[in-house]
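What follows is a set of notes on a single structure, which appears directly below.
We did not get these values from a lab; they are worked out from the coordinates using the rules stated. Treat the numbers as computed from the prediction; the structure is a model and nothing was measured. Every residue, glycine among them, receives a Cβ derived from its backbone with ideal geometry; neighbour counts consider all protein chains shown.
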Amino acid sequence: MTDEPPTTMHIGAVAERTGLSLRTLRHYDEVGLLRPSARTDGGFRLYTDADVERLLLIRRMKPLGFTLEEMADLLAVTDRIAAGDVDEGVRAQLAGHLAAARERRADLARRLAMADEFIALLEAR
């Protein structure tokens, strides 16, 4: 088995795969939320499949209103868990993020129900 470098893709392909805009991907790089795994000699961003998976996780946090800081913290927690560094502090952080996600999801469900009621009222007129 050879140790081949991971396959990389340019930002346009990543935007297409994740549904995120080029501007958003560049912003995440600039603020340090997700830096591309490499750059070409010309400075173009190169992303791996692992980067794409991380971006998909970030994308799932967006509708729940997580701030960039909260996203970065949650990514740090998931990185620690993936590395096997799971102590009580990490468990508590994960539990806190999970509770926040559940609360925000419930709020979205309430807002969606109100939107459905509003649409039904308009349709009835």
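In percent, rounded to a whole number, the relative contact order of the chain is 19, using alpha-carbon pairs under 8 Å and six or more apart. Given the alternatives [x] 17.6, 67; [y] 20.9, 69; [z] 18.7, 68, Rg and Dmax of the Cα atoms in Å as computed for this entry is given by [z]. Dipole size of the chain about its Cα centre, with +1 on Lys/Arg Cβ and -1 on Asp/Glu Cβ: approximately 500 debye, rounded to the nearest 20.
Shown here for the range 1-65: chymotrypsin sites (Phe, Trp or Tyr not before Pro) in loop regions (DSSP other than H, G, I, E, B) with at most 13 other Cβ atoms within 10 Å, namely 44.
Largest mean-square fluctuation among 100, 83, 13, in a Gaussian network model of the chain whose springs join Cα atoms under 10 Å apart, belongs to 83. Ordered by the number of other Cβ atoms lying within 10 Å of each residue's own Cβ, fewest first, 77, 52 fall into the sequence 52, 77.
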